[in-house]
Every structure is written in C-alpha cells, then in structure tokens.
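Rule-based calculations on the coordinates, nothing more; no lab input. If you're wondering where the values come from, they're calculated on a predicted model, not measured in any experiment. Backbone-built Cβ (ideal geometry, glycine too); neighbour counts: all protein chains shown.
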Amino acid sequence: MKAYKESLTPDRDHFKVKLNGIGLHCGKGVMMDQLDKLHGDTYNVTYQIGEDLCKGGNVLISEKVKKRL
C-alpha cells in the first residue's frame, strides 16, 4: 500500500488510500444493510481497533482473535 501511494503523481492524489491500520476481531452478529453498510458489535470493535488504535498501517488483533489463534 505504501509503495502504491508513493508511486502516484500529485494529479492522482485522489486515488491514494488513507489507512491508519487494520483491525481484526471475530464474533457473531455482523449485519449488512441494503446499502452494504456493516452493523453490529463485532463490526464496531473491528472498526474502532483499525481507526482509533492503529497507526502507520499496523495490523492489530483483539484479545478474542489472539485466543482463537
């Protein structure tokens, strides 16, 4: 992702992916509505890990994923 982002010229900035990092969590109850938007506790935890805790493109996993591994 980083190499791709750096390869883009300034006139193609709108193609750059803005990514704090990736959060992984597991569980039941993920729902998708008619607009393909995700809902549920599992999704919310995953989103919070990826957006609120990750920095620099890191991958963080929840304690629940760690136990399953």
* Report, in deg cm²/dmol and to the nearest 500, the calculated mean residue ellipticity at 222 nm for the chain, where each DSSP H run with n ≥ 4 adds -39500 (n - 2.57) and the sum is divided by the residue count. => -7000 deg cm²/dmol
* Relative to the compact globular guide of 2.2 N^0.38 Å, what is the alpha carbon radius of gyration of the chain, as a ratio? -> 1.36
* Asked: What's the tally of Lys pairs in the range 20-68 whose alpha-carbon atoms lie under 20 angstrom apart, where the two lysines are 8 or more places apart or on different chains?
  -> 5
* Structure fact -> Computed over the chain, the relative contact order (Cα-Cα under 8 Å, seq sep at least six) in percent reads 36
* Net charge contributed by nearby residues that have their C-beta within less than 14 Å of Ile49 (K/R +1, D/E -1) -> -1
* To do: Which order do the peptides 25-34, 7-16 take when ranked by the mean count of other beta-carbon atoms within 10 Å per residue, highest first?
  => 25-34, 7-16
